[in-house]
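Here the structure is laid out as C-alpha cells; the discussion comes afterwards.
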Amino acid sequence: MKSFSFFVALVIMLPAFLTAQNTYVPDDNFEQALIDKGYDTGPLDDYVLTANISGILHLDVGSHNIADLTGIQDFVALTSLNCDYNQLTGLDVSANTALISLVCGNNQLTALDVSANTALEALDCGGGANEITSLDVSSNTKLRSLDCSSNQLTVLDVSANPALEFLNCDLNQLTVLDVSFNIKLRSLICSFNQLTILDVSANPDLEYLDCWYNELTVLDVGGSIRLMHLYCSGNQLTALDVSSNTKLRSLDCGNNQLTTLDVSANPDLGSLECDSNQLTILDVSANTTLQSLNCRKNELTVLDVSANILLWSLDCSFNELTSLNIQNGNNSNLGFFDATNNLNLICIKVDDINFAEEHPGWDKDPTASFSMDCRISNPIISPNGGQFLDTVEVVLSTETEDGRIYYTLDGSDPDTNSLLYTEPIALTETTLLKAKAFKEGYVSSEVSSMFFEIVSLEEPTIISSGGDDLDISFQTDSTWVASTTDVWISIGVSSGSSGTHLLELEIVPSDLAVSRSGTVIIRSDEGDVLFSLTITQSAAEGDYAVPLAMSARTAVGSGANIVIPGMVFKGPNKTKLVVRGVGPSLADLGVSGVLNDPEIVIYSGATPIASNNDWQQAPEDLAAYFKEVGLLALEDGTKDAAAYLELDPGAYTMHLRGVNGGEGIGLAEVYVVDPAISGSGLVGLSTRAEVGEGDRVLIPGFVIAGNQSRRVLVRGVGPGLAGSNVPGFLPDPQIAVYEKQTLIDFNEDWEDEEPEILSAAFAEVGLLAFAEGSKDAAILLTLPPGVYTAHIRSSDGTLGVGLLEMYFLD
C-alpha cells in the first residue's frame with residue numbers, strides 16, 4: 001500500500017516539477033527566436049528550459065513579429081533587451097531588475113512600467129508605433145539616454161534623472177519640458193510638440209538641440225557654449241542670438257519671424273538654413289567653411305558669398321536681390337544654385353560666364369545675366385577734351401545697355417544726385433566735365449573726366465613784320481604770358497613800355513625753303529585764352545608739297561597691343577628726323593591715365609637700330625631739336641622718350657610701349673628735320689595699335705608743307721592683317737580724314753570707293769592688295785598743304801588691332 005501511495009503522489013507532483021524546470025513561452029514567434037539563438041532545442045511546445053535563459057545577459061529579439069513576451073521574467077540576469085519592431089501591446093519587465101538597456105520602440109504599447117528597473121541607463125520606447133500616454137522614469141536615477149519619441153505623452157518629468165545625457169521626446173503632445181536638473185545633457189530633441197518655453201540655460205554641455213516646430217517665441221542658447229547643432233525651425237522666434245555658440249557647425253532657424261541674424265561669431269558653420277524669415281541683411285563673410293546655405297523666402301537685397309569657397313549648395317530664391325556675388329574662386333564645386341524669383345536681380349557675379357550658363361544645376365530668372373565684375377562700363381566722353389572756339393557740344397555714352405549717366409561741371413565727382421545726362425551738353429566756357437554711370441544691380445563705373453577749354457578770340461594789333469621776325473603789341477593792365485600750340489613756332493617774351501608787352505615771333509630756321517604756319521595762343525596768368533594769331537612763313541619759289549610730320553595719340557597696351565608707327569623714306573639722301581614717345585607730359589595737358597614710363601625702339605625690318613626710354617639720356621641735344629621743329633618742350637626729369645635719327649632710304653617702324661609692360665595713353669610723334677623739297681624724304685607713314693571706340697579710336701595727325709597739293713592714300717587695315725599673323729585684328733575698320741574739325745572724307749568698305757582706282761594706287765606705292773569682299777577701308781585724296789588728322793575706329797564697337805597707313809603719291 002505504501003508503494004502504491006508513493007506512486008500516486010509522484011504522478012500528482014510530476015507536472016509541478018516539470019513546470020518548475022521550464023519557462024512558459026506561449027508566443028510561437030518568441031519561442032522560435034529563442035530556438036534560432038540556441039536557447040531552446042525545440043520543437044515549438046510553449047516551453048523553454050529555465051536554466052538555458054536565466055543567465056543570459058543580452059537578448060535581441062527585434063523584428064520577429066512577436067505579440068507576447070511572456071517568459072521574459074525568467075531572464076533574471078538580463079542587462080540589455082531589444083524587442084523593437086514587434087507587435088507587443090504590453091511589456092512586463094518588473095522581474096528584470098538587472099536591466100541597463102531596454103529598447104522596445106515601434107510596438108503597440110500604450111503603457112510601460114520601468115519603476116522596478118532602477119539600474120536602467122538607456123531606454124528607447126519611441127519610434128512611431130507605440131501610443132504611450134504616460135511614462136514614469138522617477139525611479140531610474142541612473143538613466144543616461146531616453147528616447148520616448150512618437151508617443152502621446154502630455155507630461156514628461158525628468159527631474160529625477162541627473163545623469164541624463166540624451167533625451168528624445170519629439171512628436172508628442174508636451175506643453176512643458178523642464179531640463180534644468182539635467183546638467184549633463186548633451187543632446188535634446190523635443191521637436192513637434194506644443195512647447196511655448198524652453199530653458200536650456202542650465203545645460204552648458206549641450207551639443208545638439210532640435211526644437212523644430214513648437215510654439216517658441218524666445219530661445220536663449222547663450223549658456224550652451226559647446227553647442228554644435230541647433231535646429232529651431234518652425235517656431236515663432238523674432239530674435240536669435242548665437243554669438244556665444246562659437247563651435248556651431250549647423251544652424252536651421254527657418255520658418256520663424258527673424259528680421260536679423262548675426263553669424264559672424266560662428267566660423268565653423270558648415271550648414272545654414274534661415275529660409276522663410278524676414279531677413280533684409282545676411283553677412284556670411286566670416287563663415288569660410290560654409291558648404292550649404294538656404295536663405296530663400298526672405299527680403300534680402302544684397303548677398304555676397306565670395307568668401308565661402310567650400311559652398312556646394314545655395315538657394316537664395318524668392319528674395320528681393322539686386323546684387324548677388326557668388327564669385328568665390330570655386331564655382332565648379334557649387335552643384336546646386338537657385339536664384340529664381342528675384343525680379344530686380346539683373347547681374348550675378350561669377351567665376352566663369354560660360355561655366356555658369358552651361359551648368360545644369362544652376363537656375364536663375366531669364367532677366368538676370370552672369371558677369372565677371374557686374375560693373376557698368378565707364379562713360380565715354382566725346383569729343384576728347386582740348387581747346388574749342390566759343391562752344392563745343394559734348395556727347396556722353398556707355399556701352400552698358402540702359403546705363404544712366406550723371407555728370408558734373410564744377411570738378412566734383414558725380415553721384416545719383418548730380419545732373420542726369422539726357423541730351424548733348426553745350427559748353428560755352430572752360431569746364432572740367434566729370435561723368436559716372438549707374439545701373440540697378442551693377443557696380444557703378446569709375447569717373448571719366450575731360451577738360452574742355454573754350455577759346456574766345458580777340459585779334460591783336462600787328463606793329464611790324466619784316467625779315468625773320470614778327471612783332472605783336474597789345475594793351476593790358478595784367479601780366480601776360482604766351483605759348484603756342486603749333487609745332488613750328490617758338491615764342492620769346494621781352495619787356496616793353498608800361499602796360500605794353502612785346503611778343504617776338506621767330507621762325508626757326510629762317511632759311512628753310514618750305515612754307516610753315518602755326519597758331520600763337522595768348523593766355524592770362526589765370527590760364528584764360530584771350531586770342532590766337534596764325535603766322536605763316538612763305539616758301540621759296542617753285543611748286544612743291546613735302547610731308548613733314550605724323551603724330552598719333554592712343555591707348556598703349558602690351559604684347560600685340562603696343563603702338564607701332566611706320567615710316568617710308570625715298571632717296572638718294574638720308575632723312576633727318578626726331579621721334580618721340582610722350583606719356584608723362586600728356587598729364588599737363590589734362591590727359592588722364594597716361595603711359596607713365598614709355599620706351600621707343602626703332603627697327604629696320606626686324607633689326608633694332610635705336611632705342612630710348614629717357615629722353616635726357618640721349619647723346620644729342622634733343623631740346624634744341626624740339627625747338628628747331630617747333631615741338632612742345634619736355635620738362636626736365638620726365639620719363640618721356642625721344643631720339644634723333646638720320647635714316648637711309650627705306651622702311652622703318654617705331655615701337656612705342658611701356659617699360660615692364662606698363663599701359664596707358666601715349667603719343668607717338670615723327671618729325672622731319674630740314675626736309676628736302678624734292679628727290680628725298682618722307683613718302684609713307686603708318687600707325688598700328690589696338691582700336692575700338694572712345695579712347696580706343698586711333699587718331700594720327702600728319703602735316704603737308706609747301707604750296708602745292710599732294711595726292712594722299714589713306715588705308716584702315718583690319719582683316720588685311722590676317723595674312724601677317726596678327727592676332728585679334730579689327731574685323732570692320734572705319735576711317736575718316738579731317739582738316740581741324742572739318743570732315744573731308746569717310747570710308748567703311750574700300751570696294752565702295754572705286755576699287756579699280758584704289759587697287760592701282762596700292763600697286764603704285766607697293767602696298768599689298770586687299771582681298772575682294774574684305775572689310776578693310778581706303779580713301780584716295782588730293783590735299784593742299786595743311787595739318788590733318790586721320791581717324792580709324794571700330795564700325796561695330798569690337799576691339800581689335802588696326803593699322804592706319806598714309807602714303808604720299810608723286
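The values are calculated or read from the model by the stated rules, or taken from the named source; none is laboratory data. Quick caveat: nothing in here was measured; it's all calculated off a predicted structure. For neighbour counting, all protein chains shown are included, and Cβ atoms are generated from backbone atoms with ideal geometry for every residue, glycine included. Side chains are part of the model used for accessible areas, which takes the heavy atoms of the whole protein and leaves out ligands, DNA and RNA. Shrake-Rupley method; radii C 1.70, N 1.55, O 1.52, S 1.80 Å.
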**Study point:** For the stretch 161-168, 3J(HN,Hα) per residue [Karplus equation, 6.51 cos²θ - 1.76 cosθ + 1.60, θ = phi - 60°, Hz, x = Gly/Pro]
**Key:** 10, x, 8, 4, 10, 10, 9, 10
Practice item. Apply the Karplus parameterisation 6.51 cos²θ - 1.76 cosθ + 1.60, with θ equal to phi minus 60°, to every residue of the stretch 421-427 and state each ³J(HN,Hα) to the nearest whole Hz, in sequence, with x for glycine and proline. Key: 6, 10, 7, x, 9, 8, 9
Check your understanding: Can you list the lysines whose alpha carbon sits under 27 Å from that of Lys434, skipping same-chain ones fewer than 8 residues off?
Key -> Lys740
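Return one whole number: the accessible area per residue of the stretch 76-155 in Å², for a 1.4 Å probe. Each step should come with its number before you reach the end.
Values: 3030 Å² over 80 residues.
Heavy-atom accessible area per residue stands at 38 Å².
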Point to revise | Radius of gyration, Dmax [the stretch 44-104; alpha carbons; angstrom] | key: 11.0, 31
Practice item. Quick one: order Phe75, Phe355 from most to least accessible surface, probe 1.4 Å. Key: Phe355, Phe75
Revision key, fill the gap. Taking placed amide H atoms and a strict 5 Å upper bound, the residues 5 or more places from Leu730 or on another chain that come that close are Val801, Gly802
Study note, to complete from the structure: Pseudo-spin-label distance Glu663 to Val76, built 7 Å along Cα→Cβ, given in nm, is 9.2 nm
Review point. Under 22 Å from the Cα of Lys184, which lysines turn up, not counting those fewer than eight places away in the same chain?
Key: Lys142, Lys247
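If you stretched the chain out fully between Glu748 and Asp46, how much longer would it get, using 0.36 nm times the residue separation minus the C-alpha to C-alpha distance? Intermediate results must be reported in sequence, preceding the final value.
Details: separation 702, 0.36 × 702 = 252.72 nm, distance 10.58 nm.
Here the segment from Glu748 to Asp46 would lengthen by 242.1 nm.
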Point to revise | Sequence-distant residues sharing a close amide H with Leu174 (under 5 Å, placed H) | key: Gln194
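Would the stretch 210-298 count as rounded, prolate or oblate if I go by the C-alpha gyration tensor, calling it rounded below 1.5 in a/c and otherwise prolate when a/b exceeds b/c, oblate otherwise?
It is oblate, given that a/c is not under 1.5 and a/b is not larger than b/c.
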Exercise for review: For Ile454, list long-range residues whose amide hydrogen, built 1.01 Å from N in the peptide plane, is under 5 Å from its own amide hydrogen.
Suggested key: Phe388, Thr430, Thr431
Point to revise | Nearby lysines by direct alpha-carbon distance to Lys576 (threshold 25 angstrom, same-chain neighbours under 8 apart not counted) | key: Lys627, Lys639
Point to revise | the stretch 102-206: chymotrypsin sites (Phe, Trp or Tyr not before Pro) in DSSP loop, at most 16 other beta carbons within 10 Å | key: Phe181
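Report the gain in length on full extension from Ser604 to Glu764: 0.36 nm times residue separation, minus Cα-Cα distance, nm rounded to one decimal.
Details: separation 160, 0.36 × 160 = 57.60 nm, distance 2.21 nm.
Between Ser604 and Glu764, full extension yields an extra 55.4 nm.
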Point to revise | For the stretch 110-119, Karplus couplings with θ = phi - 60° (6.51, -1.76, 1.60), whole Hz, Gly/Pro x | key: 10, 8, 8, 10, 10, 5, 7, 9, 6, 8
Review point. Binning every alpha carbon pair distance of the stretch 646-781 at 5 Å from zero, what are the percents per bin?
Key: 2, 7, 16, 20, 21, 17, 11, 5, 1, 0
Study note, to complete from the structure: If R0 = 56 Å, then Ser54 and Thr238, at their Cβ-Cβ distance, give a FRET efficiency to the nearest 0.05 of 0.40
Practice item. Sort the following peptides by mean Cβ neighbour count (other Cβ atoms within 10 Å, averaged over residues), highest first: 259-272, 38-51. Key: 259-272, 38-51
Exercise for review: Work out how much length Glu620 to Ser159 would gain on full extension: take 0.36 nm times their residue separation and subtract the Cα-Cα distance, in nm to one decimal.
Suggested key: 155.9 nm
Review point. If you take the Cα Rg of the stretch 318-464 and divide it by 2.2 N^0.38 Å, with N the number of residues, what do you get?
Key: 1.49
